Structures are given as C-alpha cells and as structure tokens.
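**Student:** Before I ask anything, here is the structure I am working with.
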Amino acid sequence: MDPALRRVWTEVVLCGDYDEHMARIGQAQGVAALMRGFIGWAKPAPGARIAIVGAGTGQMLDYLDPAILRPYRLTCTDLNPAYLARLGQRLCANELEANLVIDDIERTALRAGPGLLLATLVLEHIDWRRGVEAFAALRPTRCGVVIQENPPGMTSAVTPGRALPPSTARAFEMAHANLVPEGELTAAFAAHGYVREYRLAEEVADSKRLIALGFGRVAGPALPLAFSRVLPAERPVQEMHLGVHVLHGTAHLPDGLLAFAFGYRRAVLPPYAKVIMVPRPIMGTLETILVVDDSEAVLQVVVAILGHAGFRVLSADSGPNALKVAAQADGKIDLLLSDVDMPEMSGPDLGEALRKGRPGMHVMLMSGGIEGNLLVLNYGWAYIQKPFVAVKLVQMINEVLHSADRSQPGGQGFDSRKDAG
Ligand SMILES: C[S@@+](CC[C@H](N)C(=O)[O-])C[C@H]1O[C@@H](n2cnc3c(N)ncnc32)[C@H](O)[C@@H]1O
C-alpha cells in the first residue's frame, strides 16, 4: 500500500487522538448507524461469519447495541495493533467475542468465505481498486463498504479549517485521501460479479455524508445487460430495481436515456427494456482503455461496460484531467476512447496531445452530434456514434485494438490516400 498512508495508520495517529477526532466529526456515530443498516440489509443467519475490515479501535461499539453483533462469529482486522488492542477492550466491555487479526486488506491473509464482509475503514483510506479486488477474492456472499461524499465544491476527504488533535493533524499533512467515485466503485464490483443491492447515506459533520453500499454476489457468471433506448426521460431511474436486476447507471443520450444494469440471464424484464447481452467471444482482452467524457452518466456507463467486458479502465471527466490520469498511469494505454465535444479540450485535441508521448496508442472518438463523424475521419481515427449499445462498443473496440493504426496528423490537411490502407 501507499507508504505514506501505511505510516499514517501504523505510526502517526495515536489511539486517543483518533477516537477524539472520530467522535467529534460524527464518524464513529455514523459508522455505527451504517453498521446497523448493513446487518438489517444482509440479515446474516445466526452463527454466520462476519469479517469487519479496518475496524480501527472499534469506537462504533460506543454507539451500537452490541446485541446486534452477538449472534455472529466475528473477525475484526486492522493494520494497527494498538487500535486492535483498544478494540479488544471494547469487545470485552460489551461481552462480545471476535478474532482480532493484524492485516493489510490490500495483501490480506484472511481466509476466504465470510458470509458478510464489511469494510468499515472508509475506502478513501486505501487504494480502493485493490481493496475491491481483495474483497471480491474472499468471495463473501455479501460485501458492504463505506465511502464518503462531500458537499458541492469540497473535493478532499479532509475537512478544511477544522481543529484536529495533534497526531491527526500531522497525518492529514502527510497523506491526502481522495474521494472514491461511487459509479466506478459499483462498476469495479460488478466486474467481479457483485451487484449493488443496498445504499444508505448518513449525514456527519461539515455537511459530509458517509455512504454505505451493499453488494451481493451474483449466482453463476454475471453477464452485463444493457437496457437500451428504453426509459422515458422523466422516469425516476437512479435507484430502480428491475426484477432481479439493480439498475447501475444511466446516460442521457440524444434520443432518450440509456440505462445499464448488471444481473442474471433469466430476468423478468419490464416491457420497455430491450436487452442486449455481451456474448463471451467478444469480451475484451485486458488491454488498458482511457475513457474520457464530460457527462458523468455516460462516463459511468461506458466505464462499467468496458470493465465488465474485461478491459482495464482508466477514466477522466475532461481533457486536462485525462492528461493527468495518463501521466500517472503505470504502463501502456492501448486505447483512448473520448467524447468529441468537451468544453475545456476537444476529444481530437486530447488525442493529438496524448499521442505525442504515446505514438502506439489507438484513438476512438464518440459523439452524439452528426459532425463528429466527419471531424474524426480527418485524423483516421475510429468513431462511434452515440447512442450505442454495449455489444457494439465492445465489438468496435476489439476491432480497433487489433487493426493497424491509421492515424495521421489531423484537422486541416487531411490526406484521403492514407485512409485507403
Ligand atoms: C478512518 S478509520 C475508520 C475506522 C473505523 N471503521 C471507524 O469508523 O472508526 C480507517 C481505519 O482503517 C485502517 N486501515 C487503513 N488502511 C488499512 C489497510 N490497508 N488494511 C486494513 N486496515 C487499514 C486504519 O488503521 C484505521 O483504523
């Protein structure tokens, strides 16, 4: 894990300071409320194994009726042995028993198969993508995670201008936790065969909210289903359950709304939904794709489709942010898939800028406008017209990735002979 974060949690933040801060910002109380919610959602059978990851000092027990945890076999983990010792005292005081394990969830030594895995550590504090992989590798039937949501305009997970206990203040100077994008997190779980079943938001201090998300493992292979050209725009779709499906994302497209869901093959589908399944043979082959779109909804859907199709997906909501993501990316980016028309930097300009440092990178552009097609032909780049369906997108990307690069310096001086080859 990130060495600065490891030092923060194992050496810097002292037990007492940690408890004082968590109680003051309402986080200990918030996590207790979310814990009650998780148990109510998952309804584990008495005797079930529950793993609580990043359990800290167990301060939530000060705000929780311990009876709700008593029927279960508990395993509580944390990086910091001193926190676990404090947690042990709290367990004793509440007549609860648990296995206490010093464990880094990013390289966990936990045994697979807890019925319920609860990551109460607030995912901002770890490399959340690795975290999701680790949770999924343990194959829990259900997995609950907690993320943080800020009021508009506040981007850091750290509240500016708050008085902090000394060791907590030092920790915030050493490492900045970034917020976890809920849509991408949901897509990352979906790529491991988990669908979102539950969401609860709990307001804490400074107008921040803690969000509990509950994911359930899909029996058998999870296939992505795209419900296309379907939902009248006025329909409330953000959290709509489609039979056994949980709607996962939506995109506003020129001719209506594209809804995207993960679920089972045998579905009771509403009459307005058309289902397109991504068949196995056209699944992706683990290349890295950088997806860029200034529409959050489109970005979420495309990231989810590609993640589920087997690609490694990076994403950004603007050209300048895409340049940053690419600069920080480890290894090769095989394809840039970008919207054409974005306010700060257009897709073609982004493609040109990125290809200077990555000449082998393929570029594919997408647009809802008719002029996009002509524009990108000038560069010899691939183009897909929005709206598209999942199957078409994955198919085209595979074609582009496995065909010769036909790019040429774009824009004004288009040489039609190059496009013939
Ligand atoms: C913000 S605290 C939340 C703790 C507790 N759930 C609560 O709400 O009071 C984050 C906790 O995660 C632990 N932690 C951080 N990184 C971890 C990792 N990679 N594996 C396990 N625990 C980790 C820290 O030691 C700390 O106790």
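**Student:** Kindly state which strands (runs of 3 or more DSSP E) lie completely within segment 253-334 and contain at least 1 residues that are farther than 21 Å from VAL195 by Cα, modelled with pLDDT of 50 or more and of a type in the set (A, V, I, L, M).
**Tutor:** Working: elements: 256-263, 274-277, 288-292, 312-316.
Result: 288-292, 312-316.
**Student:** Here is a check on your reading of the model: is PRO151 modelled with pLDDT of 90 or more and away from the ligand (no atom under 16 Å from the Cβ)?
**Tutor:** no
**Student:** Give segment 105-153 a look and list any residue that's over 22 Å from LEU84 (Cα atoms) and without any contact (Cβ under 8 Å) to a residue 12 or more places away in the chain, or say none.
**Tutor:** Correct list: PRO152, GLY153.
**Student:** What number of residues within segment 6-46 satisfy the criterion of being near the ligand (Cβ under 8 Å from one of its atoms) and surrounded by fewer than 19 Cβ atoms within 10 Å (Cβ to Cβ)?
**Tutor:** Count: 2.
**Student:** Right, GLY88: surrounded by fewer than 18 Cβ atoms within 10 Å (Cβ to Cβ), within 19 Å of GLU20 (Cα to Cα) and touching a strand residue (DSSP E or B) at 6+ places or on another chain (Cβ under 9 Å) or not?
**Tutor:** Numbers: surrounded by fewer than 18 Cβ atoms within 10 Å (Cβ to Cβ): yes; within 19 Å of GLU20 (Cα to Cα): yes; touching a strand residue (DSSP E or B) at 6+ places or on another chain (Cβ under 9 Å): yes.
Yes, satisfied.
**Student:** Here is a follow-up. Please state which of the following conditions PHE172 fails to meet, knowing it meets all the rest: (1) modelled with pLDDT of 85 or more; (2) more than 10 Å from the ligand (Cβ to nearest atom); (3) of a type in the set (A, V, I, L, M, F, W, C).
**Tutor:** The failed condition is (1).
**Student:** Any idea how many residues of segment 343-356 are out of contact with any helix residue (DSSP H, G or I) (no Cβ under 8 Å at 6 or more places or on another chain) and assigned to a helix (DSSP H, G or I)?
**Tutor:** 4
**Student:** Right, here's the next one. Search segment 21-50 for residues that are under 23 Å from ALA171 (Cβ atoms) and pair each with any residue that is more than 9 Å from the ligand (Cβ to nearest atom) and among the charged types (D, E, K, R) when their beta-carbon atoms are under 6 Å apart and the residues are at least 6 apart or on different chains.
**Tutor:** Final answer for the pair search is GLY30/GLU202; LEU34/GLU202.
**Student:** Across segment 1-57, which residue is nearest to the chain's Cα centre (by Cα) among those that are among the aromatic types (Phe, Trp, Tyr) and under 21 Å from GLU197 (Cβ atoms)?
**Tutor:** Filtering segment 1-57 down to residues among the aromatic types (Phe, Trp, Tyr) leaves 9, 18, 38, 41.
Checking which are under 21 Å from GLU197 (Cβ atoms) leaves us with 38, 41.
On the way: PHE38: 19, TRP41: 21 Å.
Applying the filter and picking the extreme gives PHE38.
**Student:** Further question on the same structure: Using beta carbons and a limit of 8 Å, which pairs, at least six apart or on different chains, have the first residue in segment 331-349 and farther than 25 Å from SER403 by Cβ and in the same structural domain as GLU399 (by TED's automatic domain parsing) and the second one of a type in the set (S, T, N, Q) and modelled with pLDDT of 90 or more?
**Tutor:** MET342/SER318; PRO343/SER318; GLU344/SER318; MET345/SER318
**Student:** Is there a residue in segment 134-143 that is of a type in the set (Val, Ile, Thr), more than 13 Å from the ligand (Cβ to nearest atom) and assigned by TED's automatic domain parsing to the domain that holds GLY54?
**Tutor:** Step one: filter segment 134-143 for residues of a type in the set (Val, Ile, Thr), giving 141.
Restricting the remaining residues to those that are more than 13 Å from the ligand (Cβ to nearest atom) gives 141.
Keeping just the survivors that are assigned by TED's automatic domain parsing to the domain that holds GLY54 gives 141.
Checked against the condition, which is being of a type in the set (Val, Ile, Thr), more than 13 Å from the ligand (Cβ to nearest atom) and assigned by TED's automatic domain parsing to the domain that holds GLY54, segment 134-143 yields at least one hit.
**Student:** Any idea which residue in segment 109-132 is farthest from the ligand (Cβ to nearest atom), counting only those that are surrounded by 15 or more Cβ atoms within 10 Å (Cβ to Cβ) and farther than 25 Å from GLN27 by Cα?
**Tutor:** GLY115
**Student:** Every residue in segment 49-60 that is hydrophobic (A, V, I, L, M, F, W, C) and either within 10 Å of the ligand (Cβ to nearest atom) or at pLDDT below 95 (or both), please. Walk me through it before giving the result.
**Tutor:** So the first thing to find is which residues in segment 49-60 are hydrophobic (A, V, I, L, M, F, W, C), and the list is 50-53, 55, 60.
ILE52, VAL53, ALA55, MET60 - these are the residues of segment 49-60 that are hydrophobic (A, V, I, L, M, F, W, C) and either within 10 Å of the ligand (Cβ to nearest atom) or at pLDDT below 95 (or both).
**Student:** Given the structure, is ALA82 under 26 Å from the mean Cα position of the chain (by Cα), touching a residue at least 24 places away in the same chain (Cβ under 8 Å) and within 10 Å of the ligand (Cβ to nearest atom)? Steps first, answer last, please.
**Tutor:** Details: under 26 Å from the mean Cα position of the chain (by Cα): no; touching a residue at least 24 places away in the same chain (Cβ under 8 Å): yes; within 10 Å of the ligand (Cβ to nearest atom): yes.
So ALA82 does not fit the description; no.
**Student:** Taking the condition within 11 Å of the ligand (Cβ to nearest atom), more than 15 Å from TYR194 (Cα to Cα), surrounded by fewer than 21 Cβ atoms within 10 Å (Cβ to Cβ) and of a type in the set (D, E, K, R), does GLU106 pass? Break it down into steps so the answer makes sense when it comes.
**Tutor:** On the way: within 11 Å of the ligand (Cβ to nearest atom): yes; more than 15 Å from TYR194 (Cα to Cα): yes; surrounded by fewer than 21 Cβ atoms within 10 Å (Cβ to Cβ): yes; of a type in the set (D, E, K, R): yes.
The answer is yes for GLU106.
**Student:** Which of the residues belonging to segment 49-85 are in contact with a Pro (Cβ under 8 Å, 6 or more places away or on another chain) and buried (at least 17 other Cβ atoms within 10 Å of the Cβ)?
**Tutor:** Within segment 49-85, the subset in contact with a Pro (Cβ under 8 Å, 6 or more places away or on another chain) is 49-51, 71-72, 75.
If the condition is that a residue be in contact with a Pro (Cβ under 8 Å, 6 or more places away or on another chain) and buried (at least 17 other Cβ atoms within 10 Å of the Cβ), then ARG49, ILE50, ALA51, TYR72, THR75 are the ones that fit.
The values are calculated or read from the model by the stated rules, or taken from the named source; none is laboratory data. Keep in mind that this is a model prediction, so the values were computed, not measured. Glycine also receives a Cβ, built like all others from the backbone with ideal geometry; neighbour counts cover every protein chain displayed.
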